[in-house]
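J.: One structure, pasted below without further comment.
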Amino acid sequence: MPFTLATWNINSVRLRAGLVGHLLTEEAPDVLCLQECKSPVDKIPAETFADLGYPHLIARGQKGYNGVAILSRLPIEDLGHTDWCEMGDARHIAGRLENGVVIHNFYVPAGGDVPDPEQNPKFAHKLNFVAEMRDHFAAERPEKAILVGDLNIAPREDDVWSHKQLLKVVSHTPVETDHLAQAQEAGGWVDVTRKDIPEGQLYSWWSYRSPNWDSSDKGRRLDHVWASRDLAPAAHSSRILRAARGWEKPSDHAPVFATFDV
DNA sequence: ATGGTGGCATCGCCA
């Protein structure tokens, strides 16, 4: 049975519940993973989504910051979360569909502005977080699993508008892309988006601070869909819904889609 | 070299 999954950093699920509804109605993924919900779980407008055919919701939340959720048409079992870096942040949730597929939804710390862990504790936190992901998935190799989310790292040269100009910009520094590659390798994860779209510039985020985001196109691919090695051959038809970045009062991220035949 | 925008725990912090 094929199923389609999407991941989207929504930047406030309450403010943008209408946009979420629009995506569910127009694109109808079976599963939608959200990050930066910025809401306690009991204040997520779950009924709105249930009325649109998504009665299943698992989430972790906190007031104002972070927050991850999985909306699903299909029943999903809450597998809990890991408290990465023991910060108590709502940055991860895992669930299992009835077909046995496990979904990990991550919101990796952005890391602040200065790409030096000695000078900037937020950058140190980001590197530690990704190192813990590496250790976690090295200890327990994922099978029949999908990892999605805003990983806040654009790994490839063609995942940013200018490789050269972003080498010292947080999200594309070598130490970050090395850390991400190690986490990916430790779990045997396959980058599904790049498996399906191997060539060319590809972005999922455009800063709010750039007024002409579309024409200047200074984007980065910060949002990812990975599959465990056994599941990767089932993946196809990835796409990024760039148009969503141009919707009324948009998130600064566009949703990333992948379809799996499982 | 700087500042640009947006959300919220809103006058400072996060992205």
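J.: Restricting attention to the range A:188-211, report how many residues are open to solvent by 40 Å² or more (accessible area, probe 1.4 Å) and assigned to a loop (DSSP other than H, G, I, E, B).
T.: Selection size over the range A:188-211: 7.
J.: Okay, moving on. Tell me, which residue of the range A:34-82 that is part of a strand (DSSP E or B) and of a type in the set (Val, Ile, Thr) is nearest to DNA strand B (Cβ to nearest atom)?
T.: Looking at the filtered set, the residue picked out is A:68.
J.: Open to solvent by 20 Å² or more (accessible area, probe 1.4 Å) and more than 16 Å from the chain's Cα centre (by Cα): which single residue out of A:96, A:91, A:60 fits that description?
T.: Only one candidate qualifies: A:96.
J.: May I pose another question? Is there any pair linking a residue in the range A:25-37 that is farther than 16 Å from residue A:104 by Cβ to one that is open to solvent by less than 10 Å² (accessible area, probe 1.4 Å) and of a type in the set (S, T, N, Q), with Cβ under 6 Å and at least six apart or on different chains, and which?
T.: Going by the 6 Å Cβ cut-off, the qualifying pairs are A:36/A:9.
J.: Output the residue which, of all residues in the range A:163-187 that are touching a residue at least 12 places away in the same chain (Cβ under 8 Å) and polar (S, T, N, Q), is most open to solvent (accessible area, probe 1.4 Å).
T.: The residue in question is A:182.
J.: Check whether at least one residue in the range A:200-210 is over 28 Å from residue A:138 (Cβ atoms) and more than 16 Å from DNA strand B (Cβ to nearest atom), and report yes or no.
T.: Within the range A:200-210, one or more residues are over 28 Å from residue A:138 (Cβ atoms) and more than 16 Å from DNA strand B (Cβ to nearest atom).
J.: Separate question: For the range A:150-162, give me the residue count where each residue is over 20 Å from residue A:66 (Cβ atoms) and either of a type in the set (Phe, Trp, Tyr) or open to solvent by less than 60 Å² (accessible area, probe 1.4 Å) (or both).
T.: Final tally of qualifying residues: 7.
J.: Say whether the condition of being open to solvent by 50 Å² or more (accessible area, probe 1.4 Å) and touching a helix residue (DSSP H, G or I) at 6+ places or on another chain (Cβ under 7 Å) is met by at least one residue in the range A:45-52.
T.: yes
J.: Surrounded by fewer than 22 Cβ atoms within 10 Å (Cβ to Cβ), under 18 Å from the mean Cα position of the chain (by Cα) and within 30 Å of residue A:168 (Cβ to Cβ), is that true of residue A:107?
T.: Against the criterion (surrounded by fewer than 22 Cβ atoms within 10 Å (Cβ to Cβ), under 18 Å from the mean Cα position of the chain (by Cα) and within 30 Å of residue A:168 (Cβ to Cβ)), residue A:107 does not qualify.
J.: Working only within the range A:1-33, note down all residues that are out of contact with any Pro (no Cβ under 6 Å at 6 or more places or on another chain) and either among the aromatic types (Phe, Trp, Tyr) or in a loop (DSSP other than H, G, I, E, B) (or both).
T.: Correct list: A:1, A:3, A:10, A:11, A:12, A:13, A:14, A:15, A:16, A:28, A:29, A:30.
J.: Looking for something within 16 Å of DNA strand B (Cβ to nearest atom) and surrounded by fewer than 19 Cβ atoms within 10 Å (Cβ to Cβ) - is there at least one such residue anywhere in the range A:19-31?
T.: yes
J.: Going through A:140, A:132 one at a time, which residue ends up being charged (D, E, K, R), in contact with a helix residue (DSSP H, G or I) (Cβ under 8 Å, 6 or more places away or on another chain) and under 27 Å from residue A:260 (Cβ atoms)?
T.: Every option except A:132 fails the conditions.
The values are calculated or read from the model by the stated rules, or taken from the named source; none is laboratory data. Owing to the predicted nature of the structure, the values given are computational and were not obtained by experimental measurement. Cβ atoms come from the backbone with ideal geometry, glycine included; neighbour counts cover every protein chain shown. Note: areas computed on protein heavy atoms with side chains; ligands, DNA, RNA excluded. Shrake-Rupley method; radii C 1.70, N 1.55, O 1.52, S 1.80 Å.
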